[in-house]
Amino acid sequence: MNNLFRNFSILLLLLTSCVSAYDDGSVDYSASPRENYENGEKALKAKRWVSAAKYFNFVKGRFPYSRFAIGAELGLAQAEFGAGNYLAAIEDFKEFRKLHPTHEKTRNGDILFGIASSYYKMLPGDFWLYPPSHEKDQSATYDASRELKRFLTKYPKSENQPKAKKMLAEVKKRLAHHEWYVAEFYWNRGKPMGTVLRLRRLLTRYGDSGFDAKALFRLGEAYDKINERVRAKEAYTELVKRFPSDENSGAAKRRIAEK
């Protein structure tokens, strides 16, 4: 990563961190790479993200061949993550993985988990002044899903497996909600084929996320609208079989009887 981008990244850290009396970004550099690195580690542990980033960046730039340079690269990514500068953190985690494929943190999955966690932190949020999260762009959600699945598959013995599984479940639920939102958008505008496509995608990719029952009922209705009676019956039948107590189960049974 070139110096221009790195300096810009440090500026972003200053802007996005909650700079307080405890971390005004001040540093006291020394001529020793060890001392600068250790100061960066201390700042990192104290959650003084800006100071940590400065120390680590100094070690990288001034002492690139020092044995502390590799640790500084990783520390910089961690500082950016802590400050909420997730795009820069992703870039640094990826660069670290590329440059140090045999490093312990790369081999045990910590770097990939850092990438996945950064995408996860970028999931759209809910704030009353803005549209709900399921109506927003889901690019980060898709990215998080991809990287979390990759991590879970590649590093089954990682200590971060439980966290990753919990994160993936949340990601899956959000993507299912988004698919439901788009399917309803088509349904309310008289485009049942669009509804069918989105609901089939929801059930195939994001099943068991809390939307299956109502998705199956709406899928049956959408198939009815496009005169796909057999497929409509299959959707209603699956609903009744899997969710016999659902509020739409009775209506589904009646529609099955009519076919």
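Of THR195, THR106, THR204, which is the most mobile in a GNM of the chain whose springs link Cα atoms less than 10 angstrom apart?
Ranking THR195, THR106, THR204 by mean-square fluctuation puts THR204 first.
As I understand it, the value is the acute angle between the Cα axis of helix 249-258 and the longest principal axis of the Cα atoms of the chain; what does it come to in degrees, rounded to 10?
40
Send over the per residue convex hull volume for region 60-121, Cα only, as a whole number of Å³.
Details: hull volume 4.5 nm³, N = 62.
For region 60-121, the hull spanned by Cα atoms encloses 72 Å³ per residue.
Hey, with R₀ at 41 Å, roughly what FRET efficiency would ASP24 and ARG205 work out to, going by the Cβ-Cβ distance, to 0.05?
On the way: r = 47 Å, r/R0 = 1.14.
Efficiency, rounded to the nearest 0.05: 0.30.
Hey, what do the phi angles of region 223-228 turn into as Karplus ³J(HN,Hα) couplings, whole Hz, using 6.51/-1.76/1.60 and θ = phi - 60°, x for Gly and Pro?
3J(HN,Hα) across region 223-228, in whole Hz: 5, 4, 5, 9, 6, 9.
Can you work out the FRET efficiency for the pair LYS165 and ASN108, with r the C-beta to C-beta distance and R0 = 25 Å, to the nearest 0.05? Walk me through the intermediate numbers first.
Working: r = 17 Å, r/R0 = 0.69.
Efficiency at R0 = 25 Å is approximately 0.90.
Cross-link list LYS149/LYS253; LYS121/LYS225; LYS173/LYS225; LYS154/LYS253; LYS149/LYS214; LYS54/LYS121: which exceed 32 angstrom alpha carbon to alpha carbon? Kindly include the intermediate steps, with their values, before the conclusion.
On the way: LYS149/LYS253 37 Å; LYS121/LYS225 40 Å; LYS173/LYS225 27 Å; LYS154/LYS253 44 Å; LYS149/LYS214 26 Å; LYS54/LYS121 23 Å.
Checking Cα-Cα distances, LYS149/LYS253; LYS121/LYS225; LYS154/LYS253 exceed 32 Å.
Quick one: angle between helix 192-205 and the longest Cα principal axis of the chain, in degrees between 0 and 90, rounded to 10, please.
50
Sort GLU147, GLU238 so that the residue with the fewest other Cβ atoms within 10 Å of its own Cβ comes first and the one with the most comes last. Each step should come with its number before you reach the end.
Working: GLU147 24, GLU238 17.
Ranking GLU147, GLU238 by Cβ neighbours within 10 Å, fewest first, gives GLU238, GLU147.
Where q = 0.19 Å⁻¹, what log10 of I(q)/I(0) comes from the Debye formula for region 133-202, counting one point per Cα?
Debye intensities relative to I(0), on a log10 scale: -0.76.
I'd like the FRET efficiency for LEU197 and THR153, computed as 1/(1 + (r/R0)^6) with the beta carbon distance as r and R0 of 22 Å, rounded to 0.05. Kindly include the intermediate steps, with their values, before the conclusion.
On the way: r = 28 Å, r/R0 = 1.25.
Here the calculated transfer efficiency is 0.20.
Please compute the net charge surrounding SER118, taking Lys and Arg as +1 and Asp and Glu as -1 over other residues with Cβ under 12 Å from its Cβ.
Taking every Cβ under 12 Å from that of SER118, the sum is -3.
Can you sort LYS191, LYS45, LYS233 by how many other beta carbons sit within 10 Å, fewest first? Spell out each step's value before the answer.
Values: LYS191 15, LYS45 9, LYS233 18.
Ascending Cβ contact count within 10 Å gives the list LYS45, LYS191, LYS233.
Would you calculate the separation in nanometres between label points at GLU38 and GLU258, each defined as 7 Å from the Cα along the Cα-to-beta-carbon direction?
7.9
Would you mind ranking THR102, THR237 by Cβ crowding within 10 Å, fewest neighbours first? Please report the intermediate quantities before stating the final value.
Details: THR102 6, THR237 17.
Placing the least packed residue first, the sequence is THR102, THR237.
At 0.36 nm per residue, and after removing the present C-alpha to C-alpha distance, how many nm does the segment from TYR181 to LYS121 gain when stretched out fully?
19.4 nm
If you build a Gaussian network model of the chain, linking Cα atoms that sit under 10 Å apart, which residue out of TYR119, TYR86, TYR181 swings the most?
TYR181
Since every read-out is calculated from the coordinates, none of them should be taken as a lab result. Source: prediction; values computed, not measured. Reconstructed Cβ throughout: ideal geometry from the backbone, glycine too, with neighbour counts over all protein chains shown.
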